[in-house]
Amino acid sequence: MTNQKIRRIGIFFLKVHDRLCDGCARAAAWMMLGMALIMSYEVLVRYFFNRPTIWVADFTDYLMLYSTFFISAWLLKHDGHVRLTIVYEHLSPRSRQISDMINSFIGAIVCGFVIWYGVKDTWDAVEKSIVLPRPVPVPKYLILGVIPFGCLLLVVQFLRNGFKFLSDLKSVPEKESRSATVASEERR
């Protein structure tokens with residue numbers, strides 16, 4: 001295969017990843033709406049009709065789990081995750097890029113471990129036909145399966161971010177980043 005063909009295949013997969021992340025983010029938003037509606041329904045039937053449900057608490061837990069893993073890669077892509085910036089704010093632009101790159105690759109490794117154990121546990125639940133003993137029985141693999149799926153999306157996004165930071169790092173010479181830091185500190 002030629003480099004151009006490999007590049008086109010890579011671009012295709014990145015577009016698929018982007019669309020999958022966007023679709024999962026929309027699904028997570030609908031899940032949050034569904035959670036609000038079923039919790040409102042529970043309050044209504046419990047307090048006005050004295051007929052509480054047996055399924056709302058479990059299903060809101062499931063929806064919360066799914067929405068968390070569906071939205072996480074999209075949030076990472078749009079830099080929406082919470083950061084501790086007490087040290088980060090005082091770094092030079094080059095040091096920030098290095099920090100972002102290292103954090104991205106560490107995040108990819110950690111998510112890789114979660115995928116490994118998540119797939120293992122999900123497969124174990126499928127093989128053993130484990131059903132969660134809840135008021136409404138649910139196969140355990142349906143609950144566990146979203147974890148490796150969401151982490152797979154995260155791994156791809158962490159790697160994309162990490163390689164972007166790496167290429168940005170190569171394009172900014174050390175000398176420029178130091179002078180930019182000095183200039184920004186003088187303006188303060």
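The values are calculated or read from the model by the stated rules, or taken from the named source; none is laboratory data. Keep in mind it's a predicted model, so treat the numbers as computed, not measured. Cβ placement follows ideal geometry from the backbone for every residue including glycine, while neighbour counts extend to all protein chains displayed.
Checked across the stretch 74-93, the condition of being in contact with a strand residue (DSSP E or B) (Cβ under 9 Å, 6 or more places away or on another chain), closer than 20 Å to residue 147 by Cα and modelled with pLDDT of 90 or more holds for no residue.
Yes or no: residue 46 within 30 Å of residue 99 (Cα to Cα), loosely packed, with under 14 Cβ neighbours inside 10 Å and not acidic (Asp, Glu)? For residue 46, the condition - within 30 Å of residue 99 (Cα to Cα), loosely packed, with under 14 Cβ neighbours inside 10 Å and not acidic (Asp, Glu) - is not met.
Only residues that are in contact with a Phe, Trp or Tyr (Cβ under 7 Å, 6 or more places away or on another chain) and surrounded by fewer than 16 Cβ atoms within 10 Å (Cβ to Cβ) were counted in the stretch 78-103, giving 1. Out of all the residues in the stretch 56-77, is one or more in contact with an Asp or Glu (Cβ under 7 Å, 6 or more places away or on another chain), under 30 Å from residue 137 (Cα atoms) and either surrounded by 14 or more Cβ atoms within 10 Å (Cβ to Cβ) or touching a residue at least 60 places away in the same chain (Cβ under 8 Å) (or both)? Yes: one or more hits.
Residue 106 meets all of the listed conditions (1) among the hydrophobic types (A, V, I, L, M, F, W, C); (2) surrounded by 12 or more Cβ atoms within 10 Å (Cβ to Cβ); (3) modelled with pLDDT under 95 but one, namely (3).
Across the stretch 1-43, the qualifying residues are those that are surrounded by 14 or more Cβ atoms within 10 Å (Cβ to Cβ) and not hydrophobic (A, V, I, L, M, F, W, C), and the one among them that is farthest from residue 160 (Cα to Cα) is 42.
Across the stretch 113-122, not a single residue is classified as within 17 Å of residue 164 (Cα to Cα) and either touching a residue at least 40 places away in the same chain (Cβ under 8 Å) or touching a strand residue (DSSP E or B) at 6+ places or on another chain (Cβ under 9 Å) (or both).
When we screen 129, 95 for residues that are over 21 Å from the mean Cα position of the chain (by Cα) and in a loop (DSSP other than H, G, I, E, B), the only hit is 129. Annotation for the stretch 20-28: no member residue is within 16 Å of residue 136 (Cβ to Cβ), in a helix (DSSP H, G or I) and touching a Lys or Arg at 6+ places or on another chain (Cβ under 8 Å).
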